[in-house]
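Peer 1: Take a look at the following structure, please.
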Amino acid sequence: MHTDRGRRALALRLISFTFCLSAGIVMTSCTAGETGPSADLIITNARVWTVDPSMPSAEAVAVIGDRIVGVGSSPAIARWQGPATQVIDAGGKRVLPGFNDAHLHFVPGGMQLDSVDLRDAVSAAEFARRIGERARATPAGEWVLGGGWDEMSWDPPGLPARQLIDQVTGDTPVFVNRYDGHMALANAAALRLAGVTARTADPPGGSIVRDAKGEPTGILKDAAMAQVNRVIPPPTLERHIRAVKRAMDQAASLGVTSVQDMNPTNADIGVYMTLAERRELDVRIYAVPMETDWPDQAKLGLRRGFGSAYLRLGAVKGFADGSLGSTTACFFEPYSDEPSTRGLLSEEMQPIEGMRDRLIGADKAALQLCIHGIGDQAISIVLDLFQAIETANGPGDRRFRIEHAQHMAPKDFDRFAQLNVIASVQPYHAIDDGRWAERRIGPERVKTTYAFRTFLERNVRLAIGTDWPVAPLSPMLSLYAAVTRATLDGKNPEGWVPEQKLTVEEAVAGMTMGAAYAEFQERDKGSITPGKLADMVILDADVFGIDPAAIKDVKVDTTILGGRVVYRGRPDTNQPA
Ligand SMILES: [Zn+2]
């Protein structure tokens, strides 16, 4: 309903505009709102960066329903004001289009927020306290999961045992993993449900740590963790919804108005649908399920970008290889620090013909293809596949995507451009992996690693995301990472491979317009332009004016989704002090 009102108002406006032009009347007299409908929302006194080259900067924005209807100077936009118009005085703050995270994992992110976080626990006592607190807040029948603990950082260091937490958790089962995922601690309730006792044998590839009497301490290593994992029930609908709501709150607080959700389960999509029906979605979701299930969408005729402004389908996600950290990213040459391996192609790529046939089928059904490729050879093979698909199915606007596109063979940049492949990249990984990537792949290959600037120079479009929860959801951290390339260890303050830095404008474009293009939504999102969805963010500092090193500390003041305020930082930000 809102949408219609915005669209109608805009159409009306365009008609009167055209009329005025043809009548030769000066344009300013026609941009006034007195005779037309008034705005539902006006943001004024702002420094607006529109990401629209036809008018890059403005002071004010008018919104009717969920659409932007006017962008211009504060006085020009004031003419849209009516008695019922909500006016946000931005106080000279920076306004950008809402951020669109081009690659994340929304439900796992929300589940993590809804789990116990032990990453920065500094002692065994703190570890136990947090688990106890979470157990008390956990509904009966649910498990306490999560973790990320590191006993080596505790004072004093020491592997925990279930006795530490049994008292404070009672009948609530607990299974919390170490940060590296190679061991986890179960409490007595969890061991009981899993049937792990002193008589349980160690499985191949795993071990059950035992005390002096031979009783399990609760620590399970590697393959032994499966004995508990297999009895953890799938999340209840209630918990599933709670996780999505947590994720939406987090997104809104960070100015993220759209997300491209990689590898959701069917149940995840069902929860999104439930929330969409209830009009409780506070973020726009492009859901991209696994490529192996492509016929599910194809048989219904769903294709690229199918759905509503809030929830869309029409793409599939596949994997070509693994990751750099685990030496499973697939390279042409061996790893520098592990010369016995070049990495691995994924299971889906064994054999490659199987992947090719599925992708040709999915593309023929007009589904968008988003393929994870990290090592240079994996990326090269995916480009070969894309070429084969184009040859098989003919030309078209298909917007192939390579997710991560981390380590490029120099010869492949031009192929990216020729096939109009989008590089869907995560700058935060560059400042994280940049601490150790050179050790792993050597000085030559790092030159075309996270090669954001080279992509732009070769006319490849960038879509920027985070890969949350692998990296933080914060767009400010992505922007900081793309602009500074300052690794997290503080060792490259001038930037790691600094020639690949982006400007603030380029990075913001990748997080807005680039991401919108990557999901076939550039006509509705990505810039502050009349006619588009009114998704905007007000920042508490000007990312264009400040020291790039300070960008990571910039906070979101207000997030607006479809003309609706979905997050307000400090309630007093627009009041005089
Ligand atoms: Zn991912």
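Peer 1: Do you know which residues across the range 343-402 are of a type in the set (D, E, K, R), in contact with a helix residue (DSSP H, G or I) (Cβ under 8 Å, 6 or more places away or on another chain) and at pLDDT 95 or above?
Peer 2: Let us first name the residues in the range 343-402 that are of a type in the set (D, E, K, R), namely 347-348, 353, 356-358, 363-364, 376, 384, 390, 397-399, 401.
Within this subset, residues satisfying the condition of being in contact with a helix residue (DSSP H, G or I) (Cβ under 8 Å, 6 or more places away or on another chain) are 348, 356, 358, 363-364, 376, 398-399, 401.
Result: Arg356, Arg358, Asp363, Lys364, Asp376, Arg398, Arg399, Arg401.
Peer 1: Any residue at all in the range 117-136 that's crowded, with 18+ Cβ neighbours inside 10 Å and under 24 Å from the mean Cα position of the chain (by Cα)?
Peer 2: Looking through the range 117-136, at least one residue is crowded, with 18+ Cβ neighbours inside 10 Å and under 24 Å from the mean Cα position of the chain (by Cα).
Peer 1: Can I ask one more? Report those helices (runs of 4 or more DSSP H) wholly inside the range 466-568 carrying at least 1 residues which are in contact with a Cys (Cβ under 9 Å, 6 or more places away or on another chain).
Peer 2: 513-518
Peer 1: For the range 173-198, how many residues are part of a loop (DSSP other than H, G, I, E, B), modelled with pLDDT of 95 or more, open to solvent by 30 Å² or more (accessible area, probe 1.4 Å) and not aliphatic (A, V, I, L, M)? Walk me through it before giving the result.
Peer 2: Narrowing the range 173-198 to residues part of a loop (DSSP other than H, G, I, E, B): 173, 179-182, 187, 195-198.
Retained after the next criterion (residues that are modelled with pLDDT of 95 or more): 173, 187, 195-198.
If we keep only those that are open to solvent by 30 Å² or more (accessible area, probe 1.4 Å) as well, we get 195, 197-198.
Applying the additional criterion that residues be not aliphatic (A, V, I, L, M) yields 195, 197.
Final tally of qualifying residues: 2.
Peer 1: Report yes if Asp114 is at pLDDT below 90, touching a helix residue (DSSP H, G or I) at 6+ places or on another chain (Cβ under 6 Å), under 24 Å from Ala251 (Cβ atoms) and among the charged types (D, E, K, R), otherwise no.
Peer 2: Yes, satisfied.
Peer 1: Report, by residue number, each residue of the range 137-157 that is in contact (Cβ under 8 Å) with a residue 60 or more places away in the chain, open to solvent by 30 Å² or more (accessible area, probe 1.4 Å) and part of a loop (DSSP other than H, G, I, E, B).
Peer 2: The answer is Pro139, Gly141.
Peer 1: What single numbered condition from (1) open to solvent by 50 Å² or more (accessible area, probe 1.4 Å); (2) assigned to a helix (DSSP H, G or I); (3) in contact (Cβ under 8 Å) with a residue 40 or more places away in the chain fails to hold for Glu353?
Peer 2: The failed condition is (3).
Peer 1: Kindly indicate which of Val460, Val446, Val483, Val504 is more than 16 Å from the ligand (Cβ to nearest atom), closer than 21 Å to Tyr335 by Cα and touching a residue at least 40 places away in the same chain (Cβ under 8 Å).
Peer 2: Unique residue meeting the criteria: Val446.
Peer 1: Just to verify a result, which residue in the range 401-447, among those that are in a strand (DSSP E or B) and among the charged types (D, E, K, R), is farthest from Ile551 (Cα to Cα)?
Peer 2: Selected residue: Arg401.
Peer 1: Failed condition for Glu519, given (1) among the charged types (D, E, K, R); (2) under 12 Å from Ala430 (Cβ atoms); (3) within 16 Å of the ligand (Cβ to nearest atom), with all others met?
Peer 2: Unmet condition: (2).
Peer 1: Please count how many residues of the range 326-341 are touching a helix residue (DSSP H, G or I) at 6+ places or on another chain (Cβ under 7 Å) and open to solvent by 40 Å² or more (accessible area, probe 1.4 Å).
Peer 2: 3
Peer 1: Now for a separate question. Under 9 Å between Cβ atoms, at least 6 apart or on separate chains: pull out the pairs that start in the range 392-408 with a residue that is loosely packed, with under 14 Cβ neighbours inside 10 Å and end on any residue that is part of a loop (DSSP other than H, G, I, E, B).
Peer 2: Correct list of pairs: Gly396/Ala366; Asp397/Arg304; Asp397/Asn420; Asp397/Phe520.
Peer 1: For the range 86-101, give me each residue that is touching a Leu at 6+ places or on another chain (Cβ under 9 Å), among the aliphatic types (A, V, I, L, M) and crowded, with 21+ Cβ neighbours inside 10 Å.
Peer 2: Ile88, Val95, Leu96
The values are calculated or read from the model by the stated rules, or taken from the named source; none is laboratory data. Keep in mind it's a predicted model, so treat the numbers as computed, not measured. Counting neighbours? That spans all protein chains shown, and the Cβs are built from the backbone with ideal geometry, glycine included. With ligands, DNA and RNA removed, areas are computed over all heavy atoms of the protein, side chains included. Shrake-Rupley method; radii C 1.70, N 1.55, O 1.52, S 1.80 Å.
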